[in-house]
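Note sheet for the following structure.
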Amino acid sequence: MYRYKRITVKIGSNVLTTKEGMLDTERMSSLVSQIAELHGNGVETILVSSGAVASGRGELHVDRKLDAVKSRQLFSAVGQVKLLNNYYEMFRQHGINCGQILTMKENFSTRRLYLNQKQCMEVMLEHGVIPIVNENDTVAVTELMFTDNDELSGLIATMMDAEALIILSNIDGIYNGDPSDPSSSVIRTISDEAADLSSYIQTKKSSFGRGGMITKCNIARKVAREGITVVIANGGRENILPSLLDATADTVCTVFEPSKHGLSSIKKWIAHSDGYAKGSLVVNDNAKARLLSDNAVSLLPVGITGVEGEFEKDDIVRIKDLDGEIIGVGKVSCNSAKAVAVAGKKGGRPLVHYDYLYIE
């Protein structure tokens, strides 16, 4: 009946909250009913839900001014309870169990932690439980934070081998101009070879979330390159989720077409590991050309002109060209001292094997 068997759905703060910052339980109930319909028809759904901070802000009336970190911790601690209690009660009305997954950026930094999270959600899905994922805002602050839940949803979709990532926002998709301009229309399909879209995208961030359409677009293109269909749609439209999965429906949205060349599980992890890199390997122009070609090549010592930072064997490192531009990331086969010693020399093992290399 539906075109996908496993999806990740990200619901943004502006979809789940009113203009006053209160939780919109009517909208929330509608989306839960839609997920329940998909669930009843065999579609496994991982839900990445914003709304905790906005929900807490709507509950509390703080007299004294708090800094950004403390207010986020306070509001999320209170709001997360309210948010999940609502989800629990609403899913229970459909005879469905849900479970909470609170995560942090650090939990994606090593392969072991990454696989631990994946295993937890896999066993939940096997037993018919809807995983509800959110960032642990009470602990994750400043550099420990995801850019926003769009970034988190991309990581989750990749980790869980979802066929599609559906990002629900408060507009119908990416427009070819200002969404408020009647002459603008939604860009219905974006291929991997599409031109730069930055001139079309509004830079304004959402009222209660941290992200904006630029973040959504960047995440969408990255996830699509990994072989996952990405859809940006309006979470306020009636029955939006079933209609998006119905192959016969023509629902207004923006679809990022998936690359035909999917990535292995470990390459998907590496693709999102730039933020956890311990150092960098600088390559010469010849090595850069080989890495950017269509051929499957590893990074050999002879192509290295410099080593930056300190790292250990199996750490994630960035691959840079002579101008300092990052062209990829990979899992390094030796520590930084050994890399310095072999840099520029012919022969020897690859510093980054093709199987553990992701080129941007």
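Couple of notes before you dig in:
- Cα-centred dipole magnitude for region 208-289, charges only on beta-carbon of K, R (+1) and D, E (-1), debye, nearest 20: 380
- When the surface is traced with a 1.4 Å probe over the full set of protein chains, Leu84 keeps roughly 30 Å² accessible.
- Note that region 95-110 has calculated 3J(HN,Hα) couplings of x, 10, 8, 10, x, 9, 10, 9, 10, 9, 4, 4, 6, 9, 7, 10 Hz, one per residue in order, obtained from phi through the Karplus relation 6.51 cos²θ - 1.76 cosθ + 1.60 (θ = phi - 60°); glycine and proline are x.
- Length-normalised contact order for region 282-348 - Cα pairs under 8 Å, 6+ apart - percent: 38
- Greater than 25 Å apart at Cα, pairs in Lys267/Lys320; Lys5/Lys82; Lys288/Lys313: Lys5/Lys82
- Counted as membrane-span-like here are DSSP H helices of the chain whose alpha-carbon atoms extend 27 Å or more along the helix's own axis and whose Kyte-Doolittle mean is -1.0 or above; these are 68-92.
- This model, with +1 at the C-beta of Lys and Arg and -1 at the C-beta of Asp and Glu, gives region 221-347 a dipole about its Cα centre of some 480 debye.
- What the chain shows is 47 Å² of accessible area per residue, with the surface traced by a 1.4 Å probe over protein heavy atoms.
- Taking amide H positions as modeled 1.01 Å from N, with prolines and chain starts lacking one, the residues under 5 Å from Gly99 and 5 or more places away or on another chain are Ile130, Ile132.
- The value for region 238-313 of Rg(Cα) / (2.2 N^0.38 Å) is 1.74.
- Value of relative contact order over region 43-132, rounded to a whole percent, pairs C-alpha under 8 Å and six or more apart: 35
- In nm, spacing of pseudo-spin labels at Ser265 and Asn239 (7 Å Cα→C-beta vector): 3.7
- Per-residue [θ]222 nm for the chain (sum of -39500 (n - 2.57) over DSSP H runs n ≥ 4, rounded to 500): -10000 deg cm²/dmol
- Cα gyration tensor category, rounded, prolate or oblate, for region 91-134 with a/c compared to 1.5: oblate
- Placed amide H near Asp314: partners under 5 Å, 5+ positions off or other chain: Val332, Ser333, Cys334
- Candidate values (1) 23.9, 78; (2) 19.7, 62; (3) 21.6, 67, label of the one derived for Rg and Dmax of the Cα atoms in Å: (3)
- Residues whose placed amide H lies under 5 Å from that of Ile228, excluding near-sequence neighbours: Ser259
- Here the 3J(HN,Hα) profile of region 177-192, calculated from phi with Karplus coefficients 6.51, -1.76 and 1.60 at θ = phi - 60°, is x, 5, x, 7, 7, x, 7, 7, 9, 6, 6, 6, 9, 10, 8, 5 Hz, Gly and Pro shown as x.
- Between region 293-359 and region 42-120, the alpha-carbon centres lie 37 Å apart.
- Counting only residues at least eight positions apart within a chain, or on another chain, the lysines with an alpha carbon under 19 Å from that of Lys216 are Lys10, Lys105, Lys204, Lys205, Lys268.
- Relative contact order, percent, the chain [alpha-carbon distance under 8 Å, six or more residues apart]: 15
- Candidates Val129, Val230, Phe256 compared by Cα position along the dipole of the chain: farthest toward the positive end lies Val129, with charges placed on Cβ.
- Scalar couplings 3J(HN,Hα) for region 227-243, obtained by applying the Karplus form with A = 6.51, B = -1.76, C = 1.60 to θ = phi - 60°, are x, 10, 5, 10, 10, 10, 9, 8, x, x, 6, 5, 6, 5, 5, x, 5 Hz; x denotes Gly and Pro.
- Of all accessible heavy-atom area on the chain, the percent that carbon and sulfur account for (1.4 Å): 48
- The spread of Cα positions in region 18-60, taken along each principal axis and listed from longest to shortest, comes to 39, 17, 13 Å.
- A 1.4 Å probe over all protein chains sorts Ser273, Ser183, Ser265 by accessible area into Ser183, Ser265, Ser273, starting with the largest.
- When +1 charges are put on Lys and Arg Cβ atoms and -1 charges on Asp and Glu Cβ atoms, the dipole computed for the chain relative to its Cα centre reaches about 800 debye.
The values are calculated or read from the model by the stated rules, or taken from the named source; none is laboratory data. Note that the coordinates shown come from a computational prediction; the quantities given were computed from them, not determined experimentally. Every residue, glycine as well, gets a Cβ built from its backbone with ideal geometry; the counts of neighbours run over all protein chains shown. The protein model used for the area step is the full one, side chains on, heavy atoms only, and it has no ligands, DNA or RNA in it. Shrake-Rupley method; radii C 1.70, N 1.55, O 1.52, S 1.80 Å.
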